[in-house]
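Below you'll find the structure, written out as structure tokens, and then a few comments.
The values are calculated or read from the model by the stated rules, or taken from the named source; none is laboratory data. Predicted model, so just to flag it, every value in this text is computed and none were measured. Note that each Cβ is placed from the backbone with ideal geometry, even for glycine, and that neighbours are counted across all protein chains shown. Heavy atoms of the whole protein, side chains included, go into the accessibility calculation; ligands, DNA and RNA do not. Shrake-Rupley method; radii C 1.70, N 1.55, O 1.52, S 1.80 Å.
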Amino acid sequence: MSGCGDSGDSGEDSQPADKITYLTAFGAVGRDAFAWVAQEKGYFRDAGLDVTIRLGAATGENLKVLAAGQAQFANLDLTGTWILSGKGQYTDIRAFAAVHQQTLVSIITLEGSGITEPKHLEGRKLGAATGSVNQLLFPGYAKLAGIDESKVEWVNAPPAQLPTLLASGRVDALSTFLIGQRGIEKAAGGKKTVVLPYSEYLPDLFGNGLIAPTSIVEGDPDLTKRFRDAALKGLQYTLEHPDEAAQILKKAQPAADVTAAVGEITLMAPYVKASGVIERDRVAKALATLEGEALIKPGLTPDTVVDFDLVPTG
């Protein structure tokens, strides 16, 4: 039996499943539950794939794993990936489906912190995952929101430790995805949060998406399409059945928090098109925004960051 739970009779004409490794965006949380759903429901198996799901850390760290050939596919923040590509790093990576149609990066703090607008971050400690899009994008957000970023102190931590970091008072706020709100409130003993979305100032940016090295998308487009379709089928099911998806996540990853996972899936639903479509003109706008805020150098085009031959059209 394969790691994908493959079963059934095998005959002379049956083909062995293609073994691949997939990297989640951010550990084992609700936004990534769709991969385990695709595995549990047999979508990967039916696509002829034997998938090992590996827990990711954040954009920069995950790109290192892809570049080293230790994974073939990943769910990564597209904006963060493009910022690094625009700086000349990881240029051989292409997106082929969007998970979040808008960036979900936000400032999250607890009520009573005294932070109710971006300017209040000055003189405060801000927690974020090491190498994440949150820090990569912050200079552009700070400029537009009127923040003197030199007055903000960053505290880096592994993704799973961020809610505790805020709840314990070791930081004043987090820069993280807005869909983590429920898990952060639970870690803080039910205390309510204040959310300041980056999208208020940067509305044209994408959130997470499915990506792979060019050696995969160009070298084996059939493999990429099979993975894409199975993963997006898992995404659709997850959005339609958040409670079941959270339980599937918990079954595969016992340390996962079901309540927080349901919260993430529910909160991200308005930002998702399960078809995975990526529109060329929106990519052009996103790159123009990044270039305009001096987050990337001129030169990136939609076709240098997205393989539109593999992007779903629905």
*Tell me which residues, restricted to segment 76-103, are within 17 Å of Gly131 (Cα to Cα) and touching a Lys or Arg at 6+ places or on another chain (Cβ under 8 Å).*
Gly86, Lys87, Gly88
*Do you know which residues across segment 299-309 are surrounded by fewer than 20 Cβ atoms within 10 Å (Cβ to Cβ) and closer than 13 Å to Ser85 by Cβ?*
Gly299, Thr301, Pro302, Asp303, Thr304
_Subset of segment 119-134 that is closer than 12 Å to Thr79 by Cβ and not aliphatic (A, V, I, L, M) - its residue that is modelled with the lowest pLDDT_ = Ser132
_Residue selected from segment 119-173 under the condition under 29 Å from Leu287 (Cβ atoms) and touching a Lys or Arg at 6+ places or on another chain (Cβ under 7 Å), by the criterion most open to solvent (accessible area, probe 1.4 Å)_ = Gly146
*Quick one: which strands (runs of 3 or more DSSP E) lie wholly within segment 1-118 and hold at least 1 residues that are of a type in the set (Val, Ile, Thr), open to solvent by 10 Å² or more (accessible area, probe 1.4 Å) and modelled with pLDDT of 95 or more?*
18-23, 49-54, 93-98
*Is there a residue being over 22 Å from Pro163 (Cβ atoms), free of Cβ contacts under 8 Å to residues at least 12 places away in the same chain and not β-branched (Val, Ile, Thr) anywhere in segment 83-104?*
no
*Residue list for segment 228-275, restricted to those being within 15 Å of Lys41 (Cβ to Cβ) and touching a Leu at 6+ places or on another chain (Cβ under 7 Å)*: Ala230, Ala231, Ala274
*Identify the residue in segment 198-212 that is part of a strand (DSSP E or B) and of a type in the set (A, V, I, L, M, F, W, C) and, among all such residues, is surrounded by the most Cβ atoms within 10 Å (Cβ to Cβ).*
Ala212
*asked:* Filter segment 170-182 down to the residues that are over 11 Å from Ala128 (Cβ atoms) and either of a type in the set (Val, Ile, Thr) or at pLDDT 95 or above (or both) and list them by number.
replied: Arg170, Asp172, Ile179
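Yes or no, residue by residue, for (1) within 24 Å of Asp50 (Cβ to Cβ); (2) open to solvent by 60 Å² or more (accessible area, probe 1.4 Å):
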| position | (1), (2) |
| --- | --- |
| Thr214 | yes, no |
| Lys225 | yes, yes |
| Gln236 | yes, yes |
| Leu239 | no, no |
| Ile248 | yes, no |
| Gly276 | yes, no |
| Leu287 | no, no |
| Val311 | no, no |
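Suppose we filter Ala294, Ala288, Ala260, Ala255 for residues that are modelled with pLDDT of 95 or more and either of a type in the set (A, V, I, L, M, F, W, C) or out of contact with any Pro (no Cβ under 8 Å at 6 or more places or on another chain) (or both); which single one remains?
Working: Ala294 fails: modelled with pLDDT of 95 or more; Ala260 fails: modelled with pLDDT of 95 or more; Ala255 fails: modelled with pLDDT of 95 or more.
Just one listed residue meets the conditions, Ala288.
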*With respect to Val195, is the statement that it is under 26 Å from Ile83 (Cβ atoms), open to solvent by less than 10 Å² (accessible area, probe 1.4 Å), over 18 Å from the mean Cα position of the chain (by Cα) and at pLDDT 95 or above true?*
no
*Return the total of residues in segment 278-314 being small (Gly, Ala, Ser), under 19 Å from His100 (Cβ atoms) and without any contact (Cβ under 8 Å) to a residue 60 or more places away in the chain.*
2
*Given (1) open to solvent by 40 Å² or more (accessible area, probe 1.4 Å); (2) in contact with a helix residue (DSSP H, G or I) (Cβ under 8 Å, 6 or more places away or on another chain), where does Gly219 come up short, assuming only one miss?*
(2)
_Being of a type outside the set (Gly, Ala, Ser) and surrounded by fewer than 17 Cβ atoms within 10 Å (Cβ to Cβ) is the filter here; which residues of segment 250-272 pass it?_
Lys251, Pro254, Val258, Thr259, Thr266, Pro270
